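Scroll down for the structure; my scribbles are underneath it.
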Amino acid sequence: MVPYFTVTAELKGSDRHAGMRIETLPPVAAVGHILCHNLADAQGRKAFSKGRRLQTEDLARLAELGIAAVRVAVLAPDDVHEDEAAVRLAQIVAGPGVAIGEPHAGRVNLRATVDGLLLIDAEGLLSINLIDGLTVATLPSYTLVTAGQMLATIKIIPFAVPAADLSQAATTSSGGVMRVTMLTRQRIGVALVSSLAGRARVARVMLPAISGRIADLGATMVAQREVLPDEAEVAAGLVELIESGADLIIAAGETSVVDRDDVIPRAVRRLGGEIAHYGAPVEPGNLLLLAYLPGADGDIPVIGAPGCVRSRDQNIVDLILPRLMAGERLGRREIAALGLGGLLGAVRQEARSHRDNRA
């Protein structure tokens, strides 16, 4: 017979918070408290699972197993059980387009309800994960997701957390830390800028990759124009694309935009548009132009695509096109932020080959 004794454990790290304590109690005194460890029968099979709140009807089975004392978590009045806490945290985290799953063992999974772009408030997420006992693991922000896809998992580390910690988490964001936004800009216009001599080659090498990207995102190329590298010609082509119903334009050509005063940015300014940014800390894709033209229903984004757009390998266009299609207005700061992780696939593969050659 194990003697009856009570131990109040000193909890460390994410298991420590005011209120909840761990005690070793006889089964009759442990009723209503949460089992800290699995309990096995004589054959080693699990008889009781960790996290179970012991009930009066469990006493007979515990007696059959010869268990005279159990280690349990005793919650304080203001503690919130792990399952309820997980649901409440999920309600704080989930914004539009995000569904909350059923809780189990302090865990709740979040899934997309629509196809679209996953947007995450990184600072809000960090603030939550800095609160002891609360964890939220997500897909990267700006991931393209489909309805039903898992976006995040929430896990409450201890058996319970103080209600005050959940209140603190609720201050991180008023509309949810993550949301899925549908790609609403679905009508894409393409301007190919080249000399007459280079027109056929530019269309042959550029158009398949551009149209493939558009199709992959579920959008439609509503119109295509081939224009000479002249400010007035490019401006006229852009107007024709807008009149064809384009709500986003990709301009590419024989030569990438080489300066803010090149023909494509000059054409944008000629039409009263705005040059949002030129140049990007992304490879492939340094010679990016991002601009906006005035439209009847709001500004129309114009991507002055670098030459790398001719390849289906990941490049700057793949990073910004879905975001623009989701209605996000990108500017200098957003483009500059792409430098973190901006060394993309082909160059990474070259770096791996270099390491292999040195090994």
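Of the set (1) within 37 Å of the chain's Cα centre (by Cα); (2) under 23 Å from Gly133 (Cα atoms), all apply to Arg71 but (1). Residues of region 284-325 that are among the charged types (D, E, K, R) and either within 17 Å of Ile249 (Cα to Cα) or over 22 Å from the mean Cα position of the chain (by Cα) (or both): Asp297, Asp299, Arg310, Arg312, Asp318, Arg323. Total residues in region 1-26 satisfying the condition of being at pLDDT 90 or above and not in a strand (DSSP E or B): the figure is 1.
For the residues Glu328, Glu350, the requirement of being under 22 Å from the mean Cα position of the chain (by Cα) and either farther than 24 Å from Val193 by Cβ or at pLDDT below 95 (or both) singles out Glu328. Checked against (1) surrounded by 17 or more Cβ atoms within 10 Å (Cβ to Cβ); (2) under 21 Å from Ala337 (Cα atoms); (3) polar (S, T, N, Q), Ser256 meets all criteria but (2). The listed residues are Leu62, Leu54, and the only one of them that is over 37 Å from the mean Cα position of the chain (by Cα), at pLDDT 90 or above and farther than 30 Å from Asp132 by Cα turns out to be Leu62.
With respect to (1) touching a strand residue (DSSP E or B) at 6+ places or on another chain (Cβ under 6 Å); (2) without any contact (Cβ under 8 Å) to a residue 40 or more places away in the chain; (3) not assigned by TED's automatic domain parsing to the domain that holds Leu166, the lone exception for Gly101 is condition (3).
The values are calculated or read from the model by the stated rules, or taken from the named source; none is laboratory data. As the structure is a computational prediction, the values presented were derived from the model and not from experiment. Neighbour counts run over all protein chains shown; Cβ positions are idealised from the backbone, glycine included.
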